[in-house]
Amino acid sequence: LLGACDKSQPPAPAATADASTSTNSAAVADKKEGTVRASGSSALQPLVNAAKEKYETENKGASVEVSAGGSKKGLADVASGAVHIGNSDIFAPDDLKSGLVDHKVATVGFAAMANKGPYSEKIASLSVQDLAKIFSGAVKNWKEVGGESQPIVVINRAAGSGTRTVFGNIVLGGDKFVESQTEDNSGALVAKLKQTKGAISYLALSFKDDELKTFSLKGDGGVVEPNAANITSGAYPIWSYEHMYTKGEAAGSTKAFLDYILSPAFQDNVLPNVKGFIAITQMKVSREKD
Amino acid sequence: MASKTALAAEIPPFVPAERLRASARPRWGEIAIRGFIAACGLFVVVATAAVIMFIARAGVRGIRDVGLGALLSGEIWKPEANVFGGYPLIFGTAISALGAALVGAIPALLAAVWVSELTPKGARSIYRRTMEVAAAVPSVVYGWLALVHLVPQAEWVAHALHGEDVQVSGEGLASSAVLLGIMIAPTVFLLSLDALSRVPGTLREASAALGASSWQTAFRICLPGAGRSLFTAVFFGFARAAGETMAVQMVIGGARRVPANLFSPTTTISTQIVMDMQNATPNTTASNVLFSMSLVLLVLSAGVVLISRVVGRWGSKA
Amino acid sequence: MSTLAELQRTRRRHRLVETVLERGLATGALGLAGLYILGLVVLVFRGGHKVTSFTVFPSPLLDVQGEDVVRFVMAASIFGSLAWGITALARRLFATALAAHRSKLRIGVVVVAVACAALFRDHLPRFLIALPSDTTAGGGVGPEIFNTLYAAVLSTAITLPVGIGAAVYLARFAGGGKFVAVVRMALDTLASLPSIVYGLFGFLVFVVEMRAGYSLLAGAFVLALLNLPLVVGVAEESIRSVPGELEDASLALGATRVQTTLRVTIPYAWPGILSALVLSIGRVFAESAPLVMTAGTTISRADAYSLNPMRGGETLAVHLWYVNSAGLSPDRADVSAGTAAVLIVLIGATNFLASRLAHFGGRK
Amino acid sequence: MRATDLSVHYGSKKAIAGVTIDVHEHESLALIGPSGCGKSTFLRSLNRMNDTVEGIRVEGTVELDGEPIYAADVDPVLVRRRVGMVFQRSTPFPKSIFENVAYGLRIAGQQNARVLAESVERALRRAALWDEVKDRLSDSGMGLSGGQQQRLCIARALAVEPEVLLMDEPCSALDPIATAKVEDLVSDLRHSVTIVIVTHNMQQAARVSQKTGFFYMGRLVEVGDTSTIFTRPRHRETEDYITGRFG
Amino acid sequence: MRATDLSVHYGSKKAIAGVTIDVHEHESLALIGPSGCGKSTFLRSLNRMNDTVEGIRVEGTVELDGEPIYAADVDPVLVRRRVGMVFQRSTPFPKSIFENVAYGLRIAGQQNARVLAESVERALRRAALWDEVKDRLSDSGMGLSGGQQQRLCIARALAVEPEVLLMDEPCSALDPIATAKVEDLVSDLRHSVTIVIVTHNMQQAARVSQKTGFFYMGRLVEVGDTSTIFTRPRHRETEDYITGRFG
Ligand SMILES: Nc1ncnc2c1ncn2[C@@H]1O[C@H](COP(=O)(O)OP(=O)(O)OP(=O)(O)O)[C@@H](O)[C@H]1O
Ligand SMILES: Nc1ncnc2c1ncn2[C@@H]1O[C@H](COP(=O)(O)OP(=O)(O)OP(=O)(O)O)[C@@H](O)[C@H]1O
Ligand SMILES: [Mg+2]
Ligand SMILES: [Mg+2]
Ligand SMILES: O=P([O-])([O-])[O-]
């Protein structure tokens, strides 16, 4: 009975904290008040949520609505004007690009993750070719990639997912996934992976979980672990920028929120504590497209 | 009036006794309310027309872009690659709704016959109450329960049926059909009960008076007597199952292909609409095609219900 | 025809078959009902656990506008119904002793409710008040409860007049023309549209064409549309079941048709209309797909409890779906159970209230 | 009140044909005849209650105080305020006893509480119901017994002070004692109101009416003093009917 | 068929009390009495039709050919096959005319087509309906006129060859001509079947029955030869009723 309560944090900021911040932000109060709506990437969602919680408690009257649904939904929503900010793991496609302004707020790595079980215990890493075979459906049993006999259950993200696009581009050279069970959302996928024997999928590292097996990448130069050091150096190739698109230049409360996310206060102090995300400034390599 | 008391004299008469003519002043309040009432009727028509029109406008564009044949019979649905074959969606919808009718509607109907004809009145109201609450339970609650409790069992059953080598996770047509069956059973039960209660009691009495047992009365008089309404009840359940979205989405798996067996993941029209609508840019083919598919769904379920109603009306006139 | 002995023989044979069938069907029906009862009980208890876990944080959880009022109302209704339940039980047990004090009891219930609300409003089950949390454990469903009820109110505000109007039109004013056939056809069509189609329609009209964004009003409107055939159908039936003699009596006293409708027909048909409303409110509570596409899936902290109908917001049913297919919080099994329990309690309470309200309608 | 050559069709079906009858003020007329012969149809065409029936066609004239009630500019609502009606099945509204009786006044626009109270009391007294209900005027009208309900309906009709009161088998659903009370009431009322009463009970017709009309298959076979009709009917059909040979 | 000290309660309400009556074979008995006096209740307890009513309590005995029909081991279904019943409102099943009449036989297990056809024809002939429907046996029974429907119901009851036929106001919804036909039929039938008929029309009782019983407020006030009851009733209440003083 108390379990649920214990896990939850007491309401962190007391009313006093609000009072102090609200005075110093009075000058821009008219900007910060109001609602900012964002939707899109579920990979980016943990970061935006962290920002939202901090931002809302620091700025009374400000409110940020974040809903998931996949990167392409975010792009479509922001382009249609349904939301102010479209979160995406991928660059906006050409047809939407013209009206949208990109704000790269972080980078994140992706990795194949699987249900934990005896069949995959011995497999610590998989090569890109192995992954390609698994996710295109060519390989159907764990024993074919070095594990024990157990049917492989591939779980995909839905077509609108940025994770799917990035992972597909880098591992399969395009969206060549076998058509299989599909989850809308990274969060739901994690739960599904945990409960399905033999299941494998791909997730942003922000969803890395001790109860899931996370595979390193086996290449010519040895095994590369998916961690911040390898991503910033470019050794681990499966990563992408996290974009927050606005329609035209951001203004008003939207701009205030984006400014907050891009501010050193957030990038240096908060972002590193959110699992899996890497500040843009840390990157030693860069990309112009996915 | 001769016997009017003194009291009466103080009270002004309500009707000017000499007059029958309508007063020159129209009764505005009356006219306004009549107008409102008629407007409500009109509103229903306009709203329906608007819904159909909005769906059809985009839907027809989608059909034009893709071609009706390709849309209905193509076996690959991949909007991200601009391939729109709706057959897996239609197949999934039809099979899970049919399965639901089989798993849920038919037992519910039989249960309704039993409860309506063969149990005492007291028990009847308990059954009815229970089912009313069960029918009001949101479908997502059923979906969530199925996700937590049904899907793992389905995985187990699938392995038992198809061997250990099959790739399943329990999400698929079997789960969704059972879920939908459980979901529509209370509604079908209640509708059937209503249909049976509309069979005149006098017919039951007449049958009993001829020496029929309550069973014979139930199956020879009440069932045929309520036949068309029972039909409608089952069809209504079918249509509801075909149109259900979120609950199905939670258990059907979402693979956009014709499933290999009842336990491999597939999708339905409405599920796919919700999924794909999220990242389709309005006014593109990818978006329009979703409206086309909803037209298909509309024809599937509305058609079924309308036909059963028309048959019902036409039959009751005979 | 047949001799008595023959009759008895066939009858015995039939009897045997009937007994077998009887056992089968009885088991089936009992099983069916039992399944649902069991399911409901389990649901309520599982979630009840979550719901009743009282907060250990007495101060307001969040600085959300309107939260105080919501807390007070919530506390008043919880303690009010508790007090009412106890007095109802007491009345049943000591019927004679308490018969004379009915009005006192009633006042007592109100006093207890208000007093407890004032005293305990900061010690409510956290789950019923707190904002939901996508990412961390301990999120609640306060705004969802509010949104669910608010959406029900908004959509009823549309369904009630339009539904009764259309029902009265069909039952009493329309006659049998072509237009009536069109209206009926329209109602049949509306009734058979899958709810996802309503969702698409609402999305197209409100979110895309009108650029209103996700809003509760859009959701309420779409749900009202969705409920219209149901409400019109049931209301028309109950209006038709008003004895013609009653209306004749009113007309014979010199009432106009409209006066008769307003003063005799609708009051008499009220219990039926009310049950239609309850059904439609039940569907507002229950629907998810159309709401996802029109009212959205988020709660905004700034106006979580605001009465502005143009803001978006998820309802309990949507939350249940969202938590399971998009939520990242570790306690989502608990949250789901709690949400389901709250939903079921809400539905039960609505039905109960309606059955009480039916008494005020007129008939009996 | 006078009907001249009155015919009523339901769609293509003729319900009554060429009925001419004259009801004098403060007279009471009983209508008898077998089931389906058109008694109710005729009665309802005297206060335009038939207007509400779909597909009905009324020919001929009906005059109230010399004014034709089917003239184009006549408001049927006003006709019905002057020609009241009581039905076979008592039809109390689901309201209090007081509100039942006050209903006709309220819809006529009467809002003065004192006037309402006085009118209700007078109507209930005239309907011989006052003493039985005066202590529970705010109880529901539907809680009364069958006979009381029927008298409540009569009181309700009387409250708007009609000149003519039409009654369609007002006692056929009542027990003997209630029937006797209503019959007494009708006998009293005929001194102040013109009454047209339909009944299937010939003894009742004999007891309460001065004149009796016999309907058969949509025609008014004969009408005359009650005593004459029951003792020396002019027509064969009338005689067959009142001696119970059919019906 | 004999009822001895029969009382029936609906819940706490007593509908009939201590009725003792003896109906001889091939005799026809008419039951008269004001509305609500318990005629239907009594009739329905003669073939255990009341069993289906919730909360009913039957005391006393009813015997059919000397066998008590309320004994514990008696199957009410068998009682009803031997004691048929016809109701006030005709209730043809929504089936063809043929199937309506054959229904009773079919449920009794008769499947032989020839036997069915013969029985149906005989029943329709006995109900004086054969000539009117022989060319449209497969049409719906609901397409017949009211009088024909009622005779169809009688034919249906006759088809299973009951020993006793109970009729509850079988003509009260019929027009005079149909009434006459049904009355003729009843007069004919009484030579082959025992008939108990409830009627509100005293003339009808006089025309079709040999014996008449008068019910009043749940009691059987008197029973005797029809001619005696109508000319020299022994009880004051009977006289008041048949002379139309009440009811
Ligand atoms: N609304 C209607 N539509 C069509 N036909 C009707 C309607 N009302 C009555 N009739 C027909 O008109 C005829 C006269 O009916 P009416 O009700 O006036 O008879 P009645 O003498 O009052 O009979 P009863 O004694 O049974 O009340 C009947 O044949 C009846 O079937
Ligand atoms: N199912 C029932 N439940 C309760 N009371 C009933 C029921 N059926 C009849 N009664 C009551 O029993 C009494 C006798 O009714 P019954 O129907 O036998 O009268 P009846 O003589 O047939 O009247 P009618 O001439 O109107 O048909 C009445 O007071 C009636 O209200
Ligand atoms: Mg009549
Ligand atoms: Mg009766
Ligand atoms: O981050 P995604 O939800 O677009 O994969």
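Of note:
- Single match in E:N100, E:N50 (criterion: away from ligand 4 (no atom under 15 Å from the Cβ), of a type outside the set (D, E, K, R), within 22 Å of E:P162 (Cα to Cα) and within 13 Å of another protein chain (Cβ to nearest Cβ)): E:N100
- The residues of the range E:227-246 that are within 14 Å of another protein chain (Cβ to nearest Cβ) and either more than 23 Å from the chain's Cα centre (by Cα) or open to solvent by less than 10 Å² (accessible area, probe 1.4 Å) (or both), listed by number, are E:R236, E:E237, E:T238, E:E239, E:D240, E:T243, E:G244, E:R245, E:F246.
- The residue of the range E:179-209 that is nearest to the other protein chains (Cβ to nearest Cβ), among those that are under 14 Å from the mean Cα position of the chain (by Cα) and modelled with pLDDT under 85, is E:H200.
- Residue match in the range E:7-18 (condition: touching a residue at least 40 places away in the same chain (Cβ under 8 Å) and touching a Leu at 6+ places or on another chain (Cβ under 6 Å)): no
One line per residue, one yes/no per condition, for (1) at negative phi; (2) free of Cβ contacts under 8 Å to residues at least 60 places away in the same chain; (3) open to solvent by 50 Å² or more (accessible area, probe 1.4 Å):
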| position | (1), (2), (3) |
| --- | --- |
| D:V77 | yes, yes, no |
| D:R81 | yes, no, no |
| D:P94 | yes, yes, no |
| D:N100 | yes, yes, no |
| D:L105 | yes, yes, no |
| D:L116 | yes, yes, no |
| D:R126 | yes, no, yes |
| D:E132 | yes, yes, yes |
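- Out of E:G84, E:G55, one residue alone is in contact with a strand residue (DSSP E or B) (Cβ under 6 Å, 6 or more places away or on another chain), more than 16 Å from ligand 4 (Cβ to nearest atom) and within 14 Å of chain B (Cβ to nearest Cβ). It is E:G84.
- Within the range A:238-264, residues that are at positive phi sit with their Cβ atoms under 8 Å from residues that are at pLDDT below 95 and not in a strand (DSSP E or B), at 6+ positions apart or across chains, in these pairs: A:G248/A:G99; A:G252/A:K31.
- Test set (1) polar (S, T, N, Q); (2) away from ligand 4 (no atom under 16 Å from the Cβ); (3) out of contact with any strand residue (DSSP E or B) (no Cβ under 6 Å at 6 or more places or on another chain); (4) assigned to a helix (DSSP H, G or I) - E:T238 fails condition number: (3)
- The residue list A:V270, A:V285 contains one member that is exposed (fewer than 15 other Cβ atoms within 10 Å of the Cβ), touching a residue at least 24 places away in the same chain (Cβ under 8 Å) and not small (G, A, S), which is A:V285.
- Matching strands (runs of 3 or more DSSP E) fully within the range D:1-64 where at least 2 residues are away from ligand 5 (no atom under 16 Å from the Cβ) and within 15 Å of the chain's Cα centre (by Cα): D:28-32
- Members of the range C:202-220 that are of a type in the set (A, V, I, L, M), closer than 10 Å to A:A82 by Cβ and more than 13 Å from chain B (Cβ to nearest Cβ): C:A212
A quick yes/no check of all residues on (1) open to solvent by 10 Å² or more (accessible area, probe 1.4 Å); (2) in a loop (DSSP other than H, G, I, E, B); (3) in contact (Cβ under 8 Å) with a residue 24 or more places away in the chain; (4) closer than 30 Å to E:G104 by Cα:
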residue	(1), (2), (3), (4)
B:C222	no, no, yes, yes
B:T232	yes, no, yes, yes
B:A241	no, no, yes, no
B:S270	no, no, yes, no
B:M275	yes, no, yes, no
B:S294	no, no, yes, no
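- Taking the range D:207-225 as the range and being part of a loop (DSSP other than H, G, I, E, B), crowded, with 18+ Cβ neighbours inside 10 Å and within 15 Å of ligand 1 (Cβ to nearest atom) as the test, only D:G218 passes.
- Criterion violated by B:T202 - all others in (1) of a type in the set (S, T, N, Q); (2) part of a helix (DSSP H, G or I); (3) farther than 30 Å from E:Q150 by Cα satisfied: (3)
- Among residues of the range C:99-110 being out of contact with any Ser or Thr (no Cβ under 8 Å at 6 or more places or on another chain) and of a type in the set (A, V, I, L, M), the one that is surrounded by the most Cβ atoms within 10 Å (Cβ to Cβ) is C:V110.
- Some residue of the range D:19-42 being within 14 Å of chain C (Cβ to nearest Cβ), buried (at least 18 other Cβ atoms within 10 Å of the Cβ) and within 16 Å of ligand 1 (Cβ to nearest atom): yes
- Residue pairs meeting the criteria (Cβ under 7 Å; at least 6 apart or on separate chains; first hydrophobic (A, V, I, L, M, F, W, C) and open to solvent by less than 10 Å² (accessible area, probe 1.4 Å), in the range A:67-95; second more than 13 Å from ligand 5 (Cβ to nearest atom) and assigned to a helix (DSSP H, G or I)): A:L75/A:L96; A:A82/C:V207; A:I85/A:V78; A:I85/A:T254
- Set B:R257, B:R198: member being more than 14 Å from chain C (Cβ to nearest Cβ), touching a Ser or Thr at 6+ places or on another chain (Cβ under 9 Å) and either at pLDDT below 85 or open to solvent by 30 Å² or more (accessible area, probe 1.4 Å) (or both): B:R257
- Here the helices (runs of 4 or more DSSP H) wholly within the range B:51-170 that include at least 3 residues being open to solvent by less than 40 Å² (accessible area, probe 1.4 Å) are B:87-100, B:106-118, B:121-136, B:139-145, B:151-162.
- Listing of helices (runs of 4 or more DSSP H) fully contained in the range C:111-201 that carry 3 or more residues being over 24 Å from C:V70 (Cα atoms) and open to solvent by 30 Å² or more (accessible area, probe 1.4 Å): C:142-168, C:178-192
- Residues that are touching a Phe, Trp or Tyr at 6+ places or on another chain (Cβ under 9 Å) and of a type in the set (S, T, Y) within the range B:190-226 comprise B:T202, B:S207, listed in sequence order.
- Breaking point among (1) away from chain E (no Cβ under 14 Å); (2) under 30 Å from D:Q110 (Cβ atoms); (3) away from ligand 2 (no atom under 16 Å from the Cβ); (4) open to solvent by 20 Å² or more (accessible area, probe 1.4 Å), for D:Q149: (3)
- Scanning the range D:31-67 for residues that are free of Cβ contacts under 8 Å to residues at least 24 places away in the same chain and closer than 25 Å to D:S172 by Cβ yields D:G36, D:T52.
- Considering residues of the range C:231-267 that are in a loop (DSSP other than H, G, I, E, B) and surrounded by fewer than 24 Cβ atoms within 10 Å (Cβ to Cβ) only, the residue farthest from the other protein chains (Cβ to nearest Cβ): C:S241
- Wholly within the range A:29-102, helices (runs of 4 or more DSSP H) carrying at least 2 residues that are modelled with pLDDT of 85 or more: A:45-58, A:71-80
- Qualifying residue in the range E:63-75 (condition: away from every other protein chain (no Cβ under 11 Å), surrounded by fewer than 17 Cβ atoms within 10 Å (Cβ to Cβ), over 26 Å from B:V199 (Cα atoms) and within 16 Å of ligand 4 (Cβ to nearest atom)): no
The values are calculated or read from the model by the stated rules, or taken from the named source; none is laboratory data. Not measured: the values here are computed from a predicted model. Heads up, the Cβs are rebuilt from the backbone with ideal geometry, glycines too, and the neighbour counts pull from every protein chain shown. Note: areas computed on protein heavy atoms with side chains; ligands, DNA, RNA excluded. Shrake-Rupley method; radii C 1.70, N 1.55, O 1.52, S 1.80 Å.
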